[in-house]
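Since the structure comes first, as structure tokens, the remarks are kept for the end.
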Amino acid sequence: MAAFDVTVPSGYTSLTAAVGALGYRFGAGSDFSDVIDSRFPGEGYKRSDMDGFKQFYCTGNAEDASDFNPLDDRVKVDCDMGRGASGGPIATTEAQIISANSHYETEGDGVSRKNDDLLGSEHGDQAVAVINEINK
């Protein structure tokens with residue numbers, strides 16, 4: 001995860017006012033209902049209509065990717081977007097980012113996609129620490 005602070009030069013509008021922004025909701029766990037996952041994927045899981053130029057989105061629930069492993073802090077969303085979706089926000093319907101698309105699981109060959117799950121990091125304590133440091 002990375003974050004940065006933008007200082008607005010005198011006489012200019014803020015970056016948020018110019019291009020818009022989503023908020024964030026870090027430290028709230030990994031289970032959320034009604035999330036929106038969006039990006040411009042160049043390929044999809046069992047789809048051929050994704051070309052990297054059109055925006056696609058998925059809606060549904062985000063959940064803990066591994067309830068049985070407390071060291072696995074990933075969020076899972078059922079979404080058929082593939083390469084090119086990385087970095088896209090996974091956000092609540094209140095426009096608060098809870099995670100970002102990172103990867104999907106592959107079969108033993110390391111190439112073939114296992115399922116339609118997209119995974120991202122749960123933005124927990126580490127994310128809160130980064131935001132708190134930026135906001136000092």
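The values are calculated or read from the model by the stated rules, or taken from the named source; none is laboratory data. Quantities reported herein were computed from a predicted structural model and do not represent experimental measurements. Here the Cβ positions follow ideal geometry from the backbone for every residue, glycine too, while neighbour counts run over all protein chains shown. The accessibility values were calculated without ligands, DNA or RNA, using every heavy atom of the protein model including side chains. Shrake-Rupley method; radii C 1.70, N 1.55, O 1.52, S 1.80 Å.
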If you scan the stretch 1-31, which residues turn out to be among the hydrophobic types (A, V, I, L, M, F, W, C) and in contact with a strand residue (DSSP E or B) (Cβ under 6 Å, 6 or more places away or on another chain)? L22
I need the full set of residues from the stretch 113-131 which are small (G, A, S) and either assigned to a loop (DSSP other than H, G, I, E, B) or at pLDDT below 90 (or both), in order please. S121, G124, A127, A129
Can you go through R25, R74 and tell me which one is within 13 Å of the chain's Cα centre (by Cα) and over 15 Å from L118 (Cα atoms)? R25
Going through the stretch 90-103 in order, the residues found to be part of a loop (DSSP other than H, G, I, E, B), open to solvent by 30 Å² or more (accessible area, probe 1.4 Å) and out of contact with any Asp or Glu (no Cβ under 6 Å at 6 or more places or on another chain) are E94, A95, S102
Take D125 and decide whether it is open to solvent by 80 Å² or more (accessible area, probe 1.4 Å), under 27 Å from F4 (Cβ atoms) and acidic (D, E). yes
Determine which member of the set G110, G87 is within 11 Å of the chain's Cα centre (by Cα), part of a loop (DSSP other than H, G, I, E, B) and exposed (fewer than 13 other Cβ atoms within 10 Å of the Cβ). G87
Could you please tell me which pairs satisfy a Cβ distance under 8 Å, a separation of 6+ or placement on different chains, a first residue in the stretch 7-33 that is farther than 21 Å from N132 by Cβ and free of Cβ contacts under 8 Å to residues at least 12 places away in the same chain, and a second residue that is of a type in the set (G, A, S) and surrounded by fewer than 10 Cβ atoms within 10 Å (Cβ to Cβ)? none
Collect the residues in the stretch 69-79 that are open to solvent by 40 Å² or more (accessible area, probe 1.4 Å) and under 20 Å from S33 (Cα atoms), keeping them in residue-number order. D73, R74, K76, D78
Name, by its number, the condition in (1) part of a loop (DSSP other than H, G, I, E, B); (2) out of contact with any Lys or Arg (no Cβ under 6 Å at 6 or more places or on another chain) that does not hold for K76. (1)
Restricting attention to the stretch 13-60, and to residues there that are open to solvent by 80 Å² or more (accessible area, probe 1.4 Å), of a type in the set (V, I, T) and outside any helix (DSSP H, G or I), which single residue is nearest to T106 (Cα to Cα)? T59
Answer with yes or no whether D5 is open to solvent by 80 Å² or more (accessible area, probe 1.4 Å) and under 30 Å from E63 (Cβ atoms). no
